[in-house]
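Colleague: After the structure tokens below, expect a handful of questions from me.
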Amino acid sequence: DARVTQTPRHKVTEMGQEVTMRCQPILGHNTVFWYRQTMMQGLELLAYFRNRAPLDDSGMPKDRFSAEMPDATLATLKIQPSEPRDSAVYFCASAPDSRNEQFFGPGTRLTVL
Amino acid sequence: GEDVEQSLFLSVREGDSSVINCTYTDSSSTYLYWYKQEPGAGLQLLTYIFSNMDMKQDQRLTVLLNKKDKHLSLRIADTQTGDSAIYFCAEREGGSYIPTFGRGTSLIVHP
């Protein structure tokens, strides 16, 4: 049963701390997306990768957010330093190629105090 | 830019039909999707339709597309409590990698 996995599922941290969220895309999927979901803004695209190369990260605040794919089985999203306004659910999704539907992970619920 | 709009809430009685509506602005949309998000989970693709189709049916789900009015709807027949979730409409151009999602419609099913 192939699924996108994300860790941690929940994270509570204090303002100013570094946060790292991890995603394991479905094996064989070559496109990975990071989204942020909040009540106010809905679902926002932060970044996406194709074949591990970043193609678009225009939705991501560059001063504190960074996204990488160290290898094909791992995508990371880092926030440093974190702020209370970063509190949200962060989803990773993968797709077998860029033109098919996306498969979402269960999300990481981040709370920054 | 592209925009996808949905009403935020829909409340129905168990056993009735639910109709969730969506409008979009991008006339180049090629693929239109419905995703379902259950509490504490990610989005899951329910169904999709190509822009050259008017209707698609899959068991209790019926998708209707009015391309002229840029209107998409999802009908759930015999709605059950397990259908309570947030339903997202999304559209994507054929040449784009990125779908545009609506804000989601919370479907509440009561006895």
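Colleague: Looking only at residues that are more than 24 Å from B:Gly94 (Cα to Cα), part of a strand (DSSP E or B) and touching a helix residue (DSSP H, G or I) at 6+ places or on another chain (Cβ under 9 Å) in the range B:10-55, which one is farthest from the other protein chains (Cβ to nearest Cβ)?
Modeller: If we take residues in the range B:10-55 being more than 24 Å from B:Gly94 (Cα to Cα), part of a strand (DSSP E or B) and touching a helix residue (DSSP H, G or I) at 6+ places or on another chain (Cβ under 9 Å), then B:Val12 is farthest from the other protein chains (Cβ to nearest Cβ).
Colleague: Follow-up question, since we're still on this one. Quick test for you: out of A:Glu18, A:Glu101, A:Glu83, A:Glu44, pick the one residue that is within 21 Å of B:Cys89 (Cβ to Cβ) and over 11 Å from the mean Cα position of the chain (by Cα).
Modeller: So the residue among A:Glu18, A:Glu101, A:Glu83, A:Glu44 that is within 21 Å of B:Cys89 (Cβ to Cβ) and over 11 Å from the mean Cα position of the chain (by Cα) is A:Glu101.
Colleague: Of everything in the range B:10-26, what is in contact with a His (Cβ under 7 Å, 6 or more places away or on another chain) and among the small types (Gly, Ala, Ser)? Give them in sequence order.
Modeller: B:Ser11
Colleague: For B:Ala90, state whether it is touching a Ser or Thr at 6+ places or on another chain (Cβ under 7 Å) and either of a type in the set (S, T, N, Q) or over 30 Å from A:Ser94 (Cβ atoms) (or both).
Modeller: The answer is no for B:Ala90.
Colleague: Being over 13 Å from B:Asn21 (Cα atoms), more than 8 Å from chain A (Cβ to nearest Cβ) and either among the hydroxyl-bearing types (Ser, Thr, Tyr) or crowded, with 17+ Cβ neighbours inside 10 Å (or both) is the filter here; which residues of the range B:93-111 pass it?
Modeller: B:Glu93, B:Ser96, B:Thr100, B:Val109
Colleague: Give the residue that is nearest to the other protein chains (Cβ to nearest Cβ), with candidates limited to residues of the range A:1-55 that are of a type in the set (D, E, K, R) and part of a strand (DSSP E or B).
Modeller: It comes out as A:Arg50.
Colleague: Still on this structure, I have one more. Are any residues in the range A:86-113 basic (Lys, Arg) and modelled with pLDDT of 95 or more, and if so, which ones?
Modeller: A:Arg109 - this is the single residue of the range A:86-113 that is basic (Lys, Arg) and modelled with pLDDT of 95 or more.
Colleague: Among the residues of the range B:61-71, count how many are farther than 28 Å from A:Gly107 by Cα, touching a residue at least 12 places away in the same chain (Cβ under 8 Å) and either within 14 Å of chain A (Cβ to nearest Cβ) or touching a strand residue (DSSP E or B) at 6+ places or on another chain (Cβ under 6 Å) (or both).
Modeller: Total meeting the criteria: 4.
Colleague: Quick check on my filter: what residues within the range A:20-64 are under 22 Å from B:Arg103 (Cβ atoms) and either modelled with pLDDT of 95 or more or crowded, with 19+ Cβ neighbours inside 10 Å (or both)?
Modeller: Answer for the range A:20-64, where residues must be under 22 Å from B:Arg103 (Cβ atoms) and either modelled with pLDDT of 95 or more or crowded, with 19+ Cβ neighbours inside 10 Å (or both): A:Phe33, A:Trp34, A:Tyr35, A:Arg36, A:Gln37, A:Leu43, A:Leu45, A:Leu46, A:Ala47, A:Tyr48, A:Met60.
Colleague: Can you tell me which condition B:Gln59 does not meet? The list is (1) at positive phi; (2) under 13 Å from the mean Cα position of the chain (by Cα), and all the others hold.
Modeller: Unmet for B:Gln59, out of (1) at positive phi; (2) under 13 Å from the mean Cα position of the chain (by Cα): (2).
Colleague: Among the residues in the range B:62-74, are any crowded, with 16+ Cβ neighbours inside 10 Å, under 14 Å from the mean Cα position of the chain (by Cα) and not in a strand (DSSP E or B)?
Modeller: yes
Colleague: Now for a separate question. Tell me, which strands (runs of 3 or more DSSP E) wholly within the range A:56-113 include 2 or more residues that are more than 14 Å from chain B (Cβ to nearest Cβ) and of a type in the set (S, T, N, Q)?
Modeller: Answer list for the range A:56-113: none.
Colleague: Scanning for something in contact with a Pro (Cβ under 7 Å, 6 or more places away or on another chain) and among the hydroxyl-bearing types (Ser, Thr, Tyr), does the range B:36-55 turn up at least one residue?
Modeller: no
The values are calculated or read from the model by the stated rules, or taken from the named source; none is laboratory data. Owing to the predicted nature of the structure, the values given are computational and were not obtained by experimental measurement. No Cβ is skipped: glycine too gets one built from the backbone with ideal geometry, and neighbour counts run over all protein chains shown.
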